[in-house]
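Read the structure below first, then the notes.
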Amino acid sequence: MSEAIPAVALRHVGKSYQRGGQQIEVLTDIDFDIATGDFLALMGPSGSGKSTLLNLLAGIDKPTAGQIIVAGTDIASLDEGELADWRARHVGFIFQFYNLMPVLTALENVELPLMLTRLNRRERREHAELALQMVGLADRMSHYPNELSGGQQQRVAIARALVSDPTLIVADEPTGDLDRKSAGEILDLLDRLNGELGKTIVMVTHDARAAERAHAIRHLEKGELSALEINRQEAQP
Ligand code: ADP
Ligand code: MG
């Protein structure tokens, strides 16, 4: 069944950058699956390659060694258009600093990813309204980002990540800029997206309290990934 199909599989993945004639090896022989429906936290010190790894498994970046298999296909064999298409349909992104467009309202920000789809104007609006209701911001739709708190802005960003109904949600330090209460609300939301909507979630964080909310944790250090630490066993359907 679908549980057996990994959302993303990484096979001996390496990533290095060229810098002034020097090769910087960021990731070495990363090999693991992200199961469909999983909620994984990725931890590690600053500069350990967490964002690099997240971008690889979301198909934003390509590895310099090994394979990344999404939807049963090695992304190396996809051209830019096919990869962009896969991303648009299957991946939602959440960033530390929300990355909302300041000149657009909450509703317009959430509608933005739907511009790439075939939905018409009315359908786009309906989907965006639904996503904002889901994150508890039905009463803030016409607000601009600078009229919202950090926690509210991140909820708009979650609605934007959610609106195209992706299978995979990647979050890079989603609570890194928030106070504890707002961070808790964001983690509650991620928990619901995973538990109620079945979204596969990979969350980068260096906050142990945030990581505890995931099903399992992996640590990245010196380019290598630790074994899986299970936080809690999910009830099997
Ligand atoms: P983290 O998210 O864990 O803080 P990153 O994935 O952002 O770490 O970065 C890991 C390492 O890769 C760092 O040493 C960083 O300087 C390097 N790096 C990241 N992106 C690039 C790039 N585009 N060019 C060169 N080096 C990079
Ligand atoms: Mg980072």
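The values are calculated or read from the model by the stated rules, or taken from the named source; none is laboratory data. None of these values were measured; they are calculated from a predicted model. Cβ sites come from the backbone with ideal geometry, for glycine too, and all protein chains shown count toward neighbours. Protein only, heavy atoms only, side chains kept; ligands, DNA and RNA dropped before computing areas. Shrake-Rupley method; radii C 1.70, N 1.55, O 1.52, S 1.80 Å.
Odds and ends about this structure:
- Under 18 Å from the Cα of Lys62 - lysines, other chains or at least 8 residues apart: Lys15, Lys50
- Shape category assigned to the stretch 43-100 from the gyration tensor of Cα positions, a/c cut at 1.5: oblate
- Residues Lys181, Lys222, Lys199, sorted by accessible area with the largest first, give Lys222, Lys181, Lys199 [1.4 Å probe; ligands and nucleic acids excluded].
- Ligands, DNA and RNA aside, Val26 has an accessible area near 30 Å² when probed at 1.4 Å.
- For the pair Lys181 and Asp29, label points projected 7 Å from Cα toward Cβ lie 4.9 nm apart.
- 1.4 Å probe accessible area per residue over the chain, in Å²: 51 Å²
- Debye equation applied to the C-alpha atoms of the chain, log10 I(q)/I(0) at 0.11, 0.17 Å⁻¹: -0.57, -1.31
- The calculated FRET efficiency for the pair Asp139 and Glu212, based on their C-beta separation and a Förster distance of 25 Å, comes to about 0.20.
- Using the alpha carbons alone, the radius of gyration of the stretch 95-195 stands to its Kirkwood radius in an Rg to Rh ratio of 0.94.
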